[in-house]
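Engineer: There's a structure below that I have some questions on.
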Amino acid sequence: MNQSDAPSKPWSGRFAESTDAMVERFTASVDFDQRLARYDIRGSIAHARMLAKTGVLTKAERDAIVSGLEAIGAEIEAGTFVWSEALEDVHMNIEAALSRRIGEVGKKLHTARSRNDQVATDVRLLVRDEIDVIEGMIRVLKSTILDKAEQEADTIMPGLTHLQTAQPVTFGHHLMAWFEMLDRDSGRLADCRMRMNQSPLGAAALAGTGFPVDRDFTAKTLGFDAACENSIDAVSDRDFLIELLSALAMLMMHLSRISEELILWSSAQFQLIALSDAYCTGSSIMPQKKNPDVPELVRGKSGRVYGHLLSLLVLMKAQPLAYNRDNQEDKLPLFDAVDTVKDCLRVYAGMLPAISVDRAAMRAAALKGYATATDLADYLVRKGIPFRDAHDVVGRAVKLAVEARCDLADLSLDQLKSFCNRIEKDVYPVLTLEGAVAARDHFGGTAPSQVRAAIKRARARLGG
Ligand code: ARG
């Protein structure tokens, strides 16, 4: 909208000249902050009710404002509301529409309020809803993982460190590691929600207001736990967004690590799992290709969310108290981070249950790389040999097996005895994959019985 047909601005009284057209575009945020509309209306309704309660507005004025705001809200939901760039942001668009609709009384809504406490309130309300949605989605993913872990509690796979065969583990145990990672992500979001759930309303521009306000009333009406303690802090800090984005960045870090594993495991070199066709794409040149684009994109999108976290940290770092217009720039990183995370969680909720596991291939992979070498060393320790010496004995046995291109369990008793004469026939069950996982039979260990117990505890946590 250009200057000539621009509606006059709520703040134009002090100005002699109209805003430069470029500046109007440069300062406007309505393009993107209209996403706050429903929260802005909810906040305004709570504010109007509070003003009536403290006698600043009459009941009739309150009712006119509330029904006007509700009608505007319906228009916005229906997509028929006309947004004006000249009115800068979501707040002034809605306020101007209210006055157009209900006349003079609409202009009373902004009593005892500033856009500074208004926007801080809107953003907190949005963040709270988004946290609830994201937590719900993580929950779905966690329960998918529990189901899969249950199915794979006995499945043996190679456990890796340095991407080299380390010790056999059960796939169910590995999946439960994912569960724990995501469970902490839920916890971080819950922490963030708890700290941010306070109402800025009543802080006004920064110093509070001379009108009688009932800050507890607006806080309670909007579902906040309390009113923010300090008016200057209430309008100025966006640390809760930084906290949210840190939690989301960490969640994306976890999804990225899980993605990396899916990508590796589904490759021709690992071949431990197959992703469903619905979650892969082909190559325009290589007919044989089935590419794991979905986990690759999740891995890639983690960088995007980290970037948004950094944007907010930098946005905040040099701002003097209290509100500065810089804060208008908090919204795009926030919205995009939240949308990206939700997309990734949505796609994961479909992709994970559709993974097919090649149990035979997992077992075969675990047989490569001397995964039970530690078990042989532990066996020797049980026969009275100090662990360091046992380590050396087994190292030499592995060297022989590497040369002979066979597994430790394929070495004859005589061959094994040549390294240590305390080795007896009872060593062979120790060298099996099943023996190795079953031996790790303690809280948090990989034995199938422990995995089942962990799943049971996790289900109880999830249910609570
Ligand atoms: N659009 C602004 C924002 O997002 C609203 C607050 C403006 N306040 C002000 N004093 N200019 O932060």
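The values are calculated or read from the model by the stated rules, or taken from the named source; none is laboratory data. Bear in mind the structure is a predicted one, so any value in this text is a computation, not a measurement. In this analysis, Cβ positions are derived from the backbone assuming ideal geometry, glycine residues included, and neighbour counts consider all displayed protein chains.
Engineer: Can you list residue pairs whose Cβ atoms sit under 7 Å apart, with the first residue in region 195-208 being within 15 Å of R238 (Cβ to Cβ) and the second being assigned to a loop (DSSP other than H, G, I, E, B) and within 14 Å of the ligand (Cβ to nearest atom)? Count only pairs 6 or more apart in sequence or on different chains.
Structural biologist: L206/A322; L206/Y323
Engineer: Out of all the residues in region 76-94, which are over 32 Å from the mean Cα position of the chain (by Cα) and either among the charged types (D, E, K, R) or more than 16 Å from the ligand (Cβ to nearest atom) (or both)?
Structural biologist: T80, F81, V82, E85 - these are the residues of region 76-94 that are over 32 Å from the mean Cα position of the chain (by Cα) and either among the charged types (D, E, K, R) or more than 16 Å from the ligand (Cβ to nearest atom) (or both).
Engineer: Quick check on this structure: which one of A120, A149 is of a type in the set (G, A, S) and closer than 15 Å to R452 by Cα? Write out each step before concluding.
Structural biologist: Working: A120 fails: closer than 15 Å to R452 by Cα.
Just a single option satisfies the conditions, and that option is A149.
Here is a yes/no grid of residues against (1) within 17 Å of M157 (Cβ to Cβ); (2) in a helix (DSSP H, G or I); (3) touching a residue at least 60 places away in the same chain (Cβ under 8 Å):
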{"position": "A371", "(1), (2), (3)": "yes, no, yes"}
{"position": "H391", "(1), (2), (3)": "no, yes, no"}
{"position": "V398", "(1), (2), (3)": "no, yes, no"}
{"position": "F419", "(1), (2), (3)": "no, no, no"}
{"position": "Y428", "(1), (2), (3)": "no, yes, no"}
{"position": "G435", "(1), (2), (3)": "yes, yes, yes"}
{"position": "D441", "(1), (2), (3)": "no, no, no"}
{"position": "V451", "(1), (2), (3)": "yes, yes, yes"}
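Engineer: Given the criterion surrounded by fewer than 22 Cβ atoms within 10 Å (Cβ to Cβ), of a type in the set (G, A, S) and over 30 Å from I145 (Cβ atoms), identify the matching residue among A190, A177, A205. Explain how you work it out, then say what you get.
Structural biologist: Values: A190 fails: over 30 Å from I145 (Cβ atoms); A177 fails: over 30 Å from I145 (Cβ atoms).
Exactly one of A190, A177, A205 is surrounded by fewer than 22 Cβ atoms within 10 Å (Cβ to Cβ), of a type in the set (G, A, S) and over 30 Å from I145 (Cβ atoms), namely A205.
Engineer: If you go through region 328-348, how many residues are more than 13 Å from the ligand (Cβ to nearest atom) and either surrounded by 18 or more Cβ atoms within 10 Å (Cβ to Cβ) or of a type in the set (F, W, Y) (or both)?
Structural biologist: Within region 328-348, the subset more than 13 Å from the ligand (Cβ to nearest atom) is 336-348.
Of the ones still in play, those that are also either surrounded by 18 or more Cβ atoms within 10 Å (Cβ to Cβ) or of a type in the set (F, W, Y) (or both) are 337-338, 340-341, 344-345, 348.
Total satisfying the criteria: 7.
Engineer: Looking for whichever is within 12 Å of the ligand (Cβ to nearest atom), small (G, A, S), part of a helix (DSSP H, G or I) and within 27 Å of R325 (Cβ to Cβ) here; the options are A120, A37, A97. Which one fits?
Structural biologist: On the way: A37 fails: within 12 Å of the ligand (Cβ to nearest atom); A97 fails: within 12 Å of the ligand (Cβ to nearest atom).
When all the criteria are applied, what remains is A120.
Engineer: Can you name every residue in region 90-118 that is hydrophobic (A, V, I, L, M, F, W, C) and farther than 21 Å from D214 by Cβ? Explain how you work it out, then say what you get.
Structural biologist: Here is the first cut: in region 90-118, the ones hydrophobic (A, V, I, L, M, F, W, C) are 90, 92, 94, 96-98, 102, 105, 109, 112.
Result: V90, M92, I94, A96, A97, L98, I102.
Engineer: Residue pairs, Cβ under 6 Å, 6 or more apart or interchain, first in region 325-353 and more than 21 Å from E260 (Cα to Cα) and among the aliphatic types (A, V, I, L, M), second part of a helix (DSSP H, G or I) and within 16 Å of the ligand (Cβ to nearest atom). List them.
Structural biologist: Close Cβ pairs (under 6 Å, with a partner that is part of a helix (DSSP H, G or I) and within 16 Å of the ligand (Cβ to nearest atom)) amount to L332/F32; L334/L241.
Engineer: Let me ask you something else. I'm trying to understand the selection: among the residues of region 310-327, which are within 14 Å of the ligand (Cβ to nearest atom) and not in a loop (DSSP other than H, G, I, E, B)?
Structural biologist: Correct list: L312, L315, M316, R325, D326, N327.
Engineer: A further question follows. Out of the residues in region 123-163 meeting the condition of being touching a residue at least 12 places away in the same chain (Cβ under 8 Å) and among the hydroxyl-bearing types (S, T, Y), tell me which one is farthest from the ligand (Cβ to nearest atom).
Structural biologist: Top of the filtered list is T155.
Engineer: Here is a follow-up. Which is hydrophobic (A, V, I, L, M, F, W, C) and within 13 Å of the ligand (Cβ to nearest atom), of V56, V30?
Structural biologist: On the way: V56 fails: within 13 Å of the ligand (Cβ to nearest atom).
The unique qualifying residue is V30.
Engineer: To continue, here is another question. Are any residues in region 9-34 at pLDDT below 90, under 30 Å from S67 (Cβ atoms) and part of a helix (DSSP H, G or I), and if so, which ones?
Structural biologist: Within region 9-34, S12, G13 meet the criteria.
Engineer: Could you list, in sequence order, the residues of region 219-238 that are in contact with a helix residue (DSSP H, G or I) (Cβ under 7 Å, 6 or more places away or on another chain), within 26 Å of D326 (Cβ to Cβ) and not aliphatic (A, V, I, L, M)?
Structural biologist: C228, R238
Engineer: Consider only pairs whose beta carbons are under 6 Å apart and that are at least six residues apart or on different chains; among these, list those whose first residue lies in region 1-29 and is farther than 18 Å from W83 by Cβ and whose second residue is surrounded by fewer than 16 Cβ atoms within 10 Å (Cβ to Cβ) and at pLDDT below 75.
Structural biologist: Sorted first by the residue in region 1-29, then by its partner, the pairs are S18/Q3.
Engineer: Taking region 70-85, which residues are part of a helix (DSSP H, G or I), in contact (Cβ under 8 Å) with a residue 40 or more places away in the chain and of a type outside the set (D, E)? Spell out the reasoning first.
Structural biologist: Residues of region 70-85 part of a helix (DSSP H, G or I): 70-78, 85.
Now restrict to residues that are in contact (Cβ under 8 Å) with a residue 40 or more places away in the chain: 76, 85.
Once the filter is applied, which keeps residues that are part of a helix (DSSP H, G or I), in contact (Cβ under 8 Å) with a residue 40 or more places away in the chain and of a type outside the set (D, E), region 70-85 yields only I76.
Engineer: Take region 67-93 and flag every residue that is aliphatic (A, V, I, L, M) and either surrounded by 17 or more Cβ atoms within 10 Å (Cβ to Cβ) or modelled with pLDDT under 95 (or both). Break it down stepwise before answering.
Structural biologist: Within region 67-93, the first condition is being aliphatic (A, V, I, L, M), and the residues that meet it are 69, 71-72, 74, 76, 78, 82, 86-87, 90, 92.
Matches in region 67-93: L69, I72, I76, A86, L87, V90, M92.
Engineer: To continue, here is another question. Yes or no: region 103-111 includes at least one residue that is at pLDDT 95 or above, among the aliphatic types (A, V, I, L, M) and away from the ligand (no atom under 16 Å from the Cβ). Break it down into steps so the answer makes sense when it comes.
Structural biologist: Quick first cut of region 103-111, residues at pLDDT 95 or above only: 103-111.
Remaining after also requiring among the aliphatic types (A, V, I, L, M): 105, 109.
This time we only want the ones that are away from the ligand (no atom under 16 Å from the Cβ), so: 105.
Yes; the residues of region 103-111 include at least one that is at pLDDT 95 or above, among the aliphatic types (A, V, I, L, M) and away from the ligand (no atom under 16 Å from the Cβ).
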